[in-house]
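Accompanying notes for the structure given below.
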Amino acid sequence: MLEAIKWNENKLQFKGKDFLQLSDFSTDEILYLLNEAIELKALQKAGKPHPFLSGKVLGMIFEKSSTRTRVSFEVGMLQLGGHAIFLSSKDIQLGRGESISDTAKVLSRYVDGIMIRTFSHDSVEELAEHATVPVINGLTDLHHPAQVLADLLTILEHKGKLAGLKLCYLGDGNNNMAHSLMEGAVKVGMDVSIASPPGYLPDGKITEKAIKTAKQTGCTIMITNDPIEAAKNADVIVTDVWTSMGQEEETSMRLQAFGEFQVNAELCKYAKDDFIFLHCLPAHREEEVTGEIIDGPHSVVFDEAENRLHAQKAILKLLLSK
Ligand code: CP
Ligand code: NVA
């Protein structure tokens with residue numbers, strides 16, 4: 001166990017069967033998952049087999065596009081000795097109107113876990129309610145928790161710690177990444193600043209909950225319209241696309257609204273000299289981030305992408321071997 005991510009074994013409860021949002025997990029549970037990810041990554045890098053999920057099958061429902069989530073979950077299951085089935089909503093009966101509850105009940109008779117990427121977060125909650133097997137959120141309009149577990153792993157690897165660091169998120173504060181980053185970072189004691197234009201601030205309820213958590217873990221949350229204020233002294237700068245999947249009709253409006261929130265060399269001068277840059281990808285160079293930054297020395301985006309695999313294997317091992 002790394003000194004920087006010590007947890008209390010007695011506080012590991014993992015009450016639910018699912019992985020839907022990071023606020024459902026305690027600080028100790030998140031630190032435990034990060035340690036599991038580090039151990040699984042070491043096994044994989046050493047070429048040692050680790051078939052903890054031998055014979056287990058993950059069904060993966062996709063209602064939105066994906067490169068990283070699809071491939072990393074599929075490869076992760078394979079490396080754990082199991083198998084994954086890709087289920088495009090265009091091909092399964094869910095896309096023709098079969099109910100979420102019937103889909104959950106039927107899939108639970110075949111597979112050992114379900115990963116779903118969809119629009120409404122309520123749909124994932126409904127799926128989890130009716131499934132008897134674990135459900136993993138592979139992104140909704142509101143949350144992207146598997147991505148943020150990978151982000152925390154990446155920060156830990158590059159900075160050697162999490163608690164006490166300042167994470168600054170610039171751009172669309174009202175999207176899945178902003179919400180999950182806020183939830184995840186305060187759980188592990190990181191100060192969070194989010195700068196977004198008016199009208200694109202994070203969801204009120206998610207923010208309220210995160211503020212309560214921050215009080216317990218001894219860190220702070222700043223939400224502002226001022227990107228410079230947010231970036232000051234940051235250890236980690238993060239951004240995401242300005243137009244998320246499903247918002248394509250708003251693209252031109254968003255391009256105008258977000259202009260001054262671009263992560264570029266000028267803005268990054270306000271961060272610490274050794275800041276790291278994260279982006280969940282896919283990225284749009286010269287929109288939310290300049291090529292100079294995302295392809296420059298501070299960027300760790302490909303380590304971050306790789307860590308999807310290791311972080312998700314920790315989630316899969318925990319939930320599917322229960
Ligand atoms: N970051 C991420 O979730 O990537 P994909 O959309 O390619 O899965
Ligand atoms: N906010 C982005 C994340 C993509 C992984 C989206 O939802 O499109």
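The values are calculated or read from the model by the stated rules, or taken from the named source; none is laboratory data. Source: prediction; values computed, not measured. Here the Cβ is made from the backbone with ideal geometry for all residues, glycine too, and neighbour counts use every protein chain on show. Accessible surface areas use protein heavy atoms only, side chains included; no ligands, DNA or RNA. Shrake-Rupley method; radii C 1.70, N 1.55, O 1.52, S 1.80 Å.
Measure up Lys45/Lys313; Lys159/Lys187; Lys17/Lys313; Lys56/Lys161 against 24 Å on the Cα-Cα distance and list the ones that go over.
Check vs 24 Å cut-off fails for Lys56/Lys161.
For the range 128-286, which semi-axes, largest first and in whole Å, follow from the square roots of 5 times the eigenvalues of its Cα gyration tensor?
So the equivalent ellipsoid measures 22, 21, 15 Å along its semi-axes.
With every protein chain kept in place and ligands, DNA and RNA left out, what is the accessible area per residue of the range 198-287? Probe 1.4 Å, answer in Å².
Solvent-accessible surface per residue comes out at 55 Å².
For Val238, list long-range residues whose amide hydrogen, built 1.01 Å from N in the peptide plane, is under 5 Å from its own amide hydrogen.
Those qualifying (amide H under 5 Å, at least 5 residues apart or on another chain) are Cys168, Tyr169, Leu170, Leu278.
Have a look at Phe19, Leu142, Pro49 and report the one farthest towards the positive end of the charge dipole of the chain, computed about the Cα centre with Cβ charges (Lys/Arg +1, Asp/Glu -1).
Checked the options; the winner is Pro49.
Can you tell me what percent of all Cα-Cα pairs in the range 241-322 are more than 14 Å apart?
Result: 70 percent of Cα pairs exceed 14 Å.
Pick out, from Gln256, Ala271, Val289, the residue whose Cα sits farthest towards the positive end of the charge dipole of the range 247-289, with +1 on the Cβ of Lys and Arg and -1 on the Cβ of Asp and Glu.
Going by the charge dipole, the pick is Ala271.
Using 0.36 nm per residue of separation minus the Cα-Cα distance, give me the extension gain between Lys45 and Glu129 in nm, one decimal.
26.6 nm
Which of Ser321, His121, Gly59 sits farthest toward the positive end of the charge dipole of the chain, with +1 on the Cβ of Lys and Arg and -1 on the Cβ of Asp and Glu?
Ser321
Using a probe of 1.4 angstrom, how much of the accessible area of the chain is carbon and sulfur, in percent?
Here carbon and sulfur together make up 50 percent of the probe-accessible area.
Which whole-percent values make up P(r) of the chain when all C-alpha to C-alpha distances are grouped in 20 Å steps starting at zero?
34, 59, 7
Assigning unit charges at the beta carbon (Lys, Arg +1; Asp, Glu -1) and nothing else, what dipole magnitude in debye, to the nearest 20, does the chain show about its Cα centre?
That gives a dipole near 1220 debye.
Counting Lys and Arg as +1 and Asp and Glu as -1, each charge on the Cβ, what is the dipole of the range 117-179 about the Cα centre in debye, to the nearest 20?
Computed about the Cα centre, the dipole is about 460 debye.
Let me test this: with uniform point scatterers at the alpha carbons of the range 41-142, what is the Debye-based log₁₀ I(q)/I(0) at q = 0.10, 0.21 1/Å?
Debye output, listed in q order: -0.28, -1.07.
How large is the charge dipole for the range 247-310, taken about the Cα centre, if only the Cβ atoms of Lys, Arg (+1) and Asp, Glu (-1) carry charge, to the nearest 20 debye?
With only Lys, Arg, Asp and Glu charged at Cβ, the dipole is about 140 debye.
Which FRET efficiency value, to the nearest 0.05, is calculated for Thr224 and Thr67 with the Förster distance at 30 angstrom and r the Cβ-Cβ distance?
Once rounded, the FRET efficiency stands at 0.40.
Evaluate the range 96-175: find the radius of gyration of its Cα atoms, find its Kirkwood radius, and give the ratio Rg to Rh.
Ratio value, two decimals: 1.11.
Using the beta-carbon distance between Ser321 and Ser252 and R0 = 45 Å, what value does 1/(1 + (r/R0)^6) give for FRET efficiency, to the nearest 0.05?
Once rounded, the FRET efficiency stands at 0.40.
Taking the square root of 5 times each eigenvalue of the Cα gyration tensor, what semi-axes in Å does the equivalent ellipsoid of the range 119-215 have, largest first?
Semi-axes, largest first: 23, 18, 12 Å.
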